[in-house]
1. If you build a Gaussian network model of the chain, linking Cα atoms that sit under 10 Å apart, which residue out of SER190, SER160, SER63 swings the most?
2. With the dipole of the chain worked out from charges on the C-beta (+1 for Lys and Arg, -1 for Asp and Glu) around the Cα centre, which of LEU41, VAL202, GLY26 lies farthest toward the positive end?
3. Compare VAL39, VAL125, VAL92 in a GNM of the chain, Cα atoms joined below 10 Å, and give the one with the largest fluctuation.
4. May I ask for the percentage of alpha-carbon pairs in the chain that lie more than 22 Å from each other?
5. Restricting the calculation to Cα positions, tell me the Rg (one decimal) and the Dmax (whole number) of the stretch 76-136 in Å.
6. Considering only DSSP beta bridges with both partners in the chain, what is the antiparallel share in %, to the nearest 5?
7. If you roll a 1.4 Å probe over the heavy atoms of the protein chains, what accessible area per residue do you get for the chain, in Å²?
8. Using the alpha-carbon centroid of each, what span in Å lies between the stretch 147-161 and the stretch 213-235?
Amino acid sequence: MTAHMRTRALPAGGTALDEFTERLFGHLPRADQRRWARVYLQGLLTTPGKKSVRRLAASVTASPTASQSLQQFINASPWEWDPARAELLRWVEERHPVHAWTIGQVCFPKRGEHSVGVHRRFDPVAGRIVNCQFGFSLFLSLDGMSVPVDWRLVLPESWSVDPALRRRARISPDVAHQTPESLVLDLVDSIAARTSAARVPVVADLSRLGAAAPLIGMLGRRGHDFLVSVPPTLPVCAAGPGHGAEPARAAAHT
């Protein structure tokens, strides 16, 4: 599945960006955190091309220490991300009718080996094995565009069990390896708990997930309507509730 997103940028300055920043990051306890959150958002909206921390900071301020402060805010400053994602979800739902929750797979190519969870895997888009981070995103599918509102990064088992890697990347002790299927279900459960709107269908490409059938069954037992692509080896049959079929077989679509 390839996820497409069309963005409509907020003005780089003025009340629109200030209000949006306050909406997403007003929960941050310190004024300096809220200030750098605004710089981060403004940099994302105004920086062309590669959005490195240095380029983001330079597009907003001429301060020679800005990139260090922004790096500190993004990578080291302790702040809760869940309230920001919850507010982003509410902000989108207030402005657009949501037609589906779409799960997308995202591969972030990396040159080095220091980024959290970086590993080598086959990327079907590139058609080759790449060094990358890999994760899942949840998009709100709207009229003509999709907006990402939540993410989960895959932490390979090799990272989960290596104390040196965990220390170097400052991985919390309560973070462990999870299967792709559990990460997808976690995304769906998370948005279901946050939203106040009516549930919409889940759309996902599960064709490369080994445990697609149990995942489909859990979606069905949670009461979700869904449209998914499944592995070619997964038996699928058309059946309604009256036929007594298992949820994983009755509700799967190719």
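1. Result: SER63 has the largest fluctuation of those listed.
2. Of LEU41, VAL202, GLY26, it is LEU41.
3. Fluctuation is largest for VAL125.
4. Details: 20268 of 32131 pairs.
It works out to 63 percent of all Cα pairs.
5. Values for the stretch 76-136 (Cα only, Rg and Dmax): 16.1, 41 Å.
6. Counting DSSP beta bridges with both partners in the chain, the antiparallel share is about 75 percent.
7. 57 Å²
8. Going from one Cα centre to the other spans 21 Å.
The values are calculated or read from the model by the stated rules, or taken from the named source; none is laboratory data. Since the model is a prediction, treat every value here as computed from it, not as a measurement. Cβ sites come from the backbone with ideal geometry, for glycine too, and all protein chains shown count toward neighbours. Keep in mind that these areas ignore ligands, DNA and RNA; they rest on the heavy atoms of the full protein, side chains included. Shrake-Rupley method; radii C 1.70, N 1.55, O 1.52, S 1.80 Å.
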